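**Q** Sharing a structure, written as structure tokens. Questions coming.
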Amino acid sequence: MHAMRAVSIIAVLLLLVANAVELLPGAGAFQPYLSGGALALGLVALITILVGRGAERDTRSAAAEAARPTPVPTRSNQADAEIVSFLAMLQARGRLVDFLMDDINAHDDAQVGAAARVVHAGCKAALLEHFRIRPLREESEGSTVQVSAGYPPDEYRLLGRIRGSAPFSGVLIHHGWKTEAVNLPRVLSNSTDRLPAIAPAEVELK
């Protein structure tokens with residue numbers, strides 16, 4: 001790169017000399033040679049400048065590529081681990097995963113109903129312990145309610161034929177749910193890339 005810069009500087013200097021010689025009174029006889037030399041020196045200066053810029057650009061690209069941080073292998077996401085941890089809590093308190101993963105068609109309605117009561121009581125206790133949950137609408141279901149303009153789209157599902165824009169008037173089919181606070185235990189990140197277990201395998205030793 002330094003050599004290219006030196007050649008371009010020399011070519012520019014020689015070009016200035018050739019132009020100065022052309023201005024001398026006795027240079028008329030050498031006019032074609034001086035003009036041709038000036039053109040050749042101009043081309044040399046232009047080529048060396050362009051080549052030098054290309055080399056500098058390649059050097060900068062290589063430096064930027066070398067400076068780019070090496071991608072770090074991704075491990076299990078912290079949020080995913082906390083979701084699995086809460087699922088483990090529902091399993092521990094209400095055996096929710098056992099209930100959902102079991103084939104309930106192999107049991108009669110009385111057995112399924114008895115198991116559902118256990119699941120309901122345990123999972124509700126876990127929800128109330130770690131979430132503050134309340135209805136989105138306080139009106140009783142079946143009553144006429146107003147949906148104001150600018151309503152949060154995640155808080156309403158409009159059914160039936162929608163005409164125009166909000167506000168809307170309709171019958172409350174389901175009051176919805178929202179949580180005002182979440183108090184889940186933090187999961188300590190481990191050195192492995194696996195998610196935590198939902199429930200440990202239980203082995204009775206002999």
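**Q** Show me the ranking of peptides 160-168, 125-133, 140-148 by mean Cβ neighbours inside 10 Å, starting with the highest.
**A** Per-residue mean Cβ counts within 10 Å order the peptides as 125-133, 140-148, 160-168.
**Q** Using a 1.4 Å probe over the heavy atoms of the protein chains, calculate the carbon and sulfur portion of the accessible area of segment 74-156 as a whole percent. Please list the in-between numbers first.
**A** Working: 3160 of 5670 Å².
Ligands and nucleic acids excluded, carbon and sulfur reach 56 percent.
**Q** Moving on. Keeping every protein chain present and rolling a 1.4 Å probe, give me the accessible area per residue for segment 93-206 in Å².
**A** 82
The values are calculated or read from the model by the stated rules, or taken from the named source; none is laboratory data. These numbers were taken from a predicted model, which means no experiment stands behind them. Reconstructed Cβ throughout: ideal geometry from the backbone, glycine too, with neighbour counts over all protein chains shown. The area values use the complete protein model at the heavy-atom level, side chains included, leaving out ligands, DNA and RNA. Shrake-Rupley method; radii C 1.70, N 1.55, O 1.52, S 1.80 Å.
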